[in-house]
Amino acid sequence: MVDYPKTYLVLTYGCQMNEHDSEVLAGLLESTGYIPAGSTETADIVIINTCCVRKTAENKVYSLLGRLRRLKAANPAMIIGIGGCMAQQEGMAARIRQYFPYVDLVFGTYNLHILPELIERVLEKREPVQEVWTESLALKEDLPVKRKEGIRAWVSIMYGCNNFCSYCIVPYVRGRERSRQPEAVLDEVEKISRLGYKEIVLLGQNVNSYGKDLNNGIDFAGLLGEMENIKGVERIRYMTSHPRDFTGRLIETIAASSKVCEHFHLPVQAGSDRVLKKMNRGYTRDEYLSLIKKIKKLIPNATITTDIMVGFPGEQEKDFNDTIDLVNQVRFDSSFTFIYNVRPGTPAAKMEGQVSEAVKRERIQALIELQNRISLEKNEAEKDQIQEVLIEGENKKVLGHLFGRTRGNKAVFFPGRKSFIGETVRVKIIEAHLVRLMGEMVN
Ligand code: SAH
Ligand code: SF4
Ligand code: F3S
């Protein structure tokens with residue numbers, strides 16, 4: 001008789017899309033009878049959902065694999081599977097077989113839905129299974145999802161990316177843009193709202209291209225409009241949106257909506273036209289600045305955040321100064337800052353003028369210093385204001401304190417009873433820090 005494993009653990013690296021894929025992987029495993037394990041030590045199956053957007057993400061997986069090797073030596077029945085973006089890369093399955101022969105299963109981003117079947121195959125044959133599809137077949141709907149408990153639920157609206165920014169590996173491992181049918185999305189959001197989730201985060205690598213491939217007239221603004229009527233949903237967020245196709249109509253839809261939050265995450269990447277062009281971002285510095293101006297005009301209290309990269313090939317001092325200047329002009333509430341990292345197979349990897357590590361470090365430090373100063377100033381400006389806060393949970397560090405987020409996505413901590421979790425309350429901001437605000441509830 002075959003001795004079937006009983007417990008599983010899914011470990012996730014990467015972006016929210018991967019986090020959500022892991023919820024699907026967990027859902028699939030639970031629907032075939034597995035139960036969650038508390039730790040890698042007690043798991044019969046460990047699935048690693050990987051990211052490859054930067055080298056650091058890959059390194060984390062390699063060091064985890066080293067640790068799992070020892071566990072597997074102690075417990076040879078344990079099954080180790082690798083999926084996600086890193087596994088999807090060309091040649092990766094072969095490399096894993098060569099360097100990590102104790103990995104039982106490799107699967108890609110297009111075939112994660114057949115995980116239970118793949119595990120069956122591992123169990124039957126007791127030999128490694130590698131199945132990485134090279135393209136997406138039909139979109140799978142109605143897969144089981146084991147969502148994180150709480151107030152926030154993720155919903156994919158589209159997969160893939162057609163933008164091919166010259167530094168980025170995502171289009172190669174996630175394929176072309178595929179939108180879900182609006183009915184399927186709305187149906188899922190309705191179901192989730194009935195489960196008690198208050199905040200929906202719509203996911204896609206480039207959500208404002210939503211619908212372009214459906215040819216039925218729906219676009220992202222239209223989808224947001226439809227969501228306005230779903231009862232129970234209090235807040236709608238989305239990520240990520242590309243500055244290029246962020247239309248005026250979309251800004252107007254958001255301004256008119258009571259649910260879509262006034263938080264705009266618009267990755268700018270660089271402030272120099274020369275660099276933006278080489279990055280293939282599809283907008284100029286002026287176009288980006290005028291988009292921000294439009295948003296600020298229509299929604300004066302909007303929070304604006306971004307992603308910025310330093311050290312892109314050919315970036316000179318004057319290009320970097322353009323980035324600094326843009327940050328000073330926009331005054332982002334916060335930014336994710338990255339050092340450019342060569343991704344094999346992308347056009348930028350072969351570009352001339354790769355910037356030295358020392359210069360990259362110098363630039364990122366200057367950028368972070370500036371951003372921190374601005375973030376703190378912007379948070380200070382919230383003092384004495386009254387903000388609408390959706391309470392997410394208890395502050396684990398301070399007994400009797402809760403935490404939640406403003407519509408602008410800023411974390412707020414304040415005294416309050418646990419029974420308030422899930423409610424939207426008014427909070428007066430009394431103290432500002434770099435990444436959080438302190439406040440007190442008001443009636
Ligand atoms: N689809 C999202 C980005 C996903 S990747 C968008 O277009 O906004 C998240 C961020 O990682 C990017 O915005 C970029 O700033 C950074 N990034 C992507 N590739 C990178 C690379 N090769 N080196 C360093 N940072 C990178
Ligand atoms: Fe990568 Fe650009 Fe697509 Fe974002 S829009 S996922 S940065 S290619
Ligand atoms: Fe990473 Fe894949 Fe997301 S490469 S950033 S997990 S789409």
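The values are calculated or read from the model by the stated rules, or taken from the named source; none is laboratory data. Note that the structure is a prediction, hence the values are computed from the model and not measured. Neighbour counts run over all protein chains shown; Cβ positions are idealised from the backbone, glycine included. For accessibility, only protein heavy atoms count, side chains too; no ligands or nucleic acids. Shrake-Rupley method; radii C 1.70, N 1.55, O 1.52, S 1.80 Å.
In the stretch 372-405, what count of residues is obtained for those that are aliphatic (A, V, I, L, M) and within 23 Å of the chain's Cα centre (by Cα)? So that I can check it myself, show each step before the final result.
To start, the set of residues in the stretch 372-405 that are aliphatic (A, V, I, L, M) comprises 374, 376, 381, 386, 389-391, 398-399, 402.
Of the ones still in play, those that are also within 23 Å of the chain's Cα centre (by Cα) are 389-391.
Of the residues in the stretch 372-405, 3 are aliphatic (A, V, I, L, M) and within 23 Å of the chain's Cα centre (by Cα).
In the stretch 148-165, is there at least one residue being under 30 Å from Gly311 (Cα atoms), within 16 Å of ligand 2 (Cβ to nearest atom) and of a type in the set (Phe, Trp, Tyr)? Let's see the steps before the verdict.
First pass over the stretch 148-165, keeping only residues under 30 Å from Gly311 (Cα atoms): 159-165.
Restricting the remaining residues to those that are within 16 Å of ligand 2 (Cβ to nearest atom) gives 159-165.
Imposing the further condition that a residue be of a type in the set (Phe, Trp, Tyr) reduces the set to 159, 164.
The answer is yes; a qualifying residue exists.
Does any residue of the stretch 209-226 turn out to be within 11 Å of ligand 2 (Cβ to nearest atom), aliphatic (A, V, I, L, M) and open to solvent by less than 10 Å² (accessible area, probe 1.4 Å)? No; the residues of the stretch 209-226 include none that is within 11 Å of ligand 2 (Cβ to nearest atom), aliphatic (A, V, I, L, M) and open to solvent by less than 10 Å² (accessible area, probe 1.4 Å). Here the strands (runs of 3 or more DSSP E) wholly within the stretch 109-214 that include at least 3 residues being within 16 Å of ligand 1 (Cβ to nearest atom) are 199-203.
Tally time: how many residues in the stretch 73-96 are open to solvent by less than 30 Å² (accessible area, probe 1.4 Å) and either basic (Lys, Arg) or in a loop (DSSP other than H, G, I, E, B) (or both)? It would help to see each step written out before you state the result.
Of all residues in the stretch 73-96, those open to solvent by less than 30 Å² (accessible area, probe 1.4 Å) come to 78-88, 92-93, 96.
Still in the running and either basic (Lys, Arg) or in a loop (DSSP other than H, G, I, E, B) (or both): 78.
Final tally of qualifying residues: 1.
Out of Leu64, Leu11, I need the residue that is in a helix (DSSP H, G or I), open to solvent by less than 50 Å² (accessible area, probe 1.4 Å) and more than 16 Å from ligand 2 (Cβ to nearest atom). Which one? Step through it out loud before you land on a result.
Working: Leu11 fails: in a helix (DSSP H, G or I).
Sole residue among the options that is in a helix (DSSP H, G or I), open to solvent by less than 50 Å² (accessible area, probe 1.4 Å) and more than 16 Å from ligand 2 (Cβ to nearest atom): Leu64.
Taken as a whole, the stretch 195-207 holds no residue that is open to solvent by 20 Å² or more (accessible area, probe 1.4 Å), among the basic types (Lys, Arg), within 15 Å of ligand 2 (Cβ to nearest atom) and out of contact with any helix residue (DSSP H, G or I) (no Cβ under 7 Å at 6 or more places or on another chain). Scanning the stretch 29-41 for residues that are open to solvent by 10 Å² or more (accessible area, probe 1.4 Å) and closer than 28 Å to Trp154 by Cα yields Glu30, Ser31, Thr32, Gly33, Tyr34, Ile35, Pro36, Ala37, Gly38, Ser39, Thr40. With respect to the conditions (1) within 16 Å of ligand 2 (Cβ to nearest atom); (2) open to solvent by 10 Å² or more (accessible area, probe 1.4 Å); (3) in contact (Cβ under 8 Å) with a residue 60 or more places away in the chain, Cys52 falls short on a single one, namely (2).
Let me confirm something: among Ser356, Ser375, which residue is in contact (Cβ under 8 Å) with a residue 60 or more places away in the chain and either more than 16 Å from ligand 1 (Cβ to nearest atom) or farther than 17 Å from Arg331 by Cβ (or both)? Before you say what the answer is, go through the steps one by one.
Details: Ser356 fails: in contact (Cβ under 8 Å) with a residue 60 or more places away in the chain.
Just a single option satisfies the conditions, and that option is Ser375.
Residues that are within 27 Å of Arg249 (Cβ to Cβ) and either at pLDDT 95 or above or open to solvent by 40 Å² or more (accessible area, probe 1.4 Å) (or both) do occur in the stretch 312-328. Only one of these conditions is not met by Val170: (1) hydrophobic (A, V, I, L, M, F, W, C); (2) more than 19 Å from Leu266 (Cα to Cα); (3) open to solvent by 10 Å² or more (accessible area, probe 1.4 Å). Which number is it? Going through (1) hydrophobic (A, V, I, L, M, F, W, C); (2) more than 19 Å from Leu266 (Cα to Cα); (3) open to solvent by 10 Å² or more (accessible area, probe 1.4 Å) one by one, Val170 breaks only (2).
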